[in-house]
1. So, Gly121, is that one open to solvent by less than 70 Å² (accessible area, probe 1.4 Å) and either within 22 Å of Asp50 (Cβ to Cβ) or touching a His at 6+ places or on another chain (Cβ under 7 Å) (or both) or not?
2. Check Val91 against each of (1) open to solvent by 100 Å² or more (accessible area, probe 1.4 Å); (2) among the β-branched types (Val, Ile, Thr); (3) within 16 Å of the ligand (Cβ to nearest atom) and name the one condition it does not meet.
3. Within region 63-72, take every residue that is more than 10 Å from the ligand (Cβ to nearest atom) and in a helix (DSSP H, G or I) and give me the one that is surrounded by the fewest Cβ atoms within 10 Å (Cβ to Cβ).
4. Of the residues that make up region 79-102, is at least one under 30 Å from Ala4 (Cβ atoms) and among the β-branched types (Val, Ile, Thr)?
5. Residues in region 125-134: is at least one acidic (Asp, Glu) and in a loop (DSSP other than H, G, I, E, B)?
6. Evaluate region 6-21: report whether one residue or more is in a helix (DSSP H, G or I), under 30 Å from Val132 (Cβ atoms) and more than 16 Å from the ligand (Cβ to nearest atom).
7. Using beta carbons and a limit of 6 Å, which pairs, at least six apart or on different chains, have the first residue in region 71-94 and within 17 Å of Val56 (Cβ to Cβ) and the second one outside any loop (DSSP other than H, G, I, E, B) and open to solvent by 80 Å² or more (accessible area, probe 1.4 Å)?
8. Hey, Val101 hits all of (1) exposed (fewer than 13 other Cβ atoms within 10 Å of the Cβ); (2) away from the ligand (no atom under 16 Å from the Cβ) but one; which does it fall short on?
Amino acid sequence: MTVASVSMPQELLDRIDEFADEHGYTGRSEVLREGARNLLGEFEDKQLEDRQLIGVITVLFDFETTNAEQRMMNLRHEYEGLVKSNFHNHVGDHQCMELFVLEGSLEEISAFVGKVRATKGTTTVDYSVTPVDASDAVV
Ligand SMILES: [Zn+2]
């Protein structure tokens with residue numbers, strides 16, 4: 001195996017070590033490897049390929065300390081054909097919540113989620129994906 005050097009906040013590293021401890025991992029490397037594999041496999045869902053999908057993405061960020069809001073607006077314009085709806089609200093003491101409704105392919109939605117995640121200053125990024133035709137839905 002290759003040894004890689006990765007930068008991350010101390011707090012995140014502490015949480016990884018704690019997680020490794022509590023869940024019986026051999027160490028932080030094992031946790032990071034599994035996390036990376038999950039992330040890479042996340043959008044490789046065969047059931048969702050080649051289908052029209054609805055994606056709902058929720059983003060939280062602190063409006064006092066980041067320019068994430070500007071970045072969200074830029075993404076909205078950049079992906080005008082994909083973004084069906086966009087909603088901005090203020091929650092808690094100083095948090096912005098951005099909600100995007102997307103309609104497109106798995107590839108397009110995963111690219112959008114990737115760009116949201118790469119935005120500096122976001123607190124959380126959550127999403128769900130549902131086929132529009134829902135032909136495999138359990139009735
Ligand atoms: Zn705001």
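The values are calculated or read from the model by the stated rules, or taken from the named source; none is laboratory data. If you're wondering where the values come from, they're calculated on a predicted model, not measured in any experiment. No Cβ is skipped: glycine too gets one built from the backbone with ideal geometry, and neighbour counts run over all protein chains shown. These area figures cover heavy atoms from the full protein model, side chains too; ligands, DNA and RNA do not enter into them. Shrake-Rupley method; radii C 1.70, N 1.55, O 1.52, S 1.80 Å.
1. Numbers: open to solvent by less than 70 Å² (accessible area, probe 1.4 Å): yes; either within 22 Å of Asp50 (Cβ to Cβ) or touching a His at 6+ places or on another chain (Cβ under 7 Å) (or both): no.
Judged against the criteria, Gly121 is not a match.
2. (1)
3. Here the answer is Gln70.
4. Going residue by residue through region 79-102, those that are under 30 Å from Ala4 (Cβ atoms) are none.
For region 79-102, residues under 30 Å from Ala4 (Cβ atoms) and among the β-branched types (Val, Ile, Thr): absent.
5. Initial filter on region 125-134 (acidic (Asp, Glu)): 126, 133.
With in a loop (DSSP other than H, G, I, E, B) added as a condition, the list becomes 133.
Yes, some residue in region 125-134 is acidic (Asp, Glu) and in a loop (DSSP other than H, G, I, E, B).
6. Checked region 6-21: no residue is in a helix (DSSP H, G or I), under 30 Å from Val132 (Cβ atoms) and more than 16 Å from the ligand (Cβ to nearest atom).
7. Close Cβ pairs satisfying both conditions: Leu82/Glu108; Val83/Arg76; Asn86/Arg76.
8. (1)
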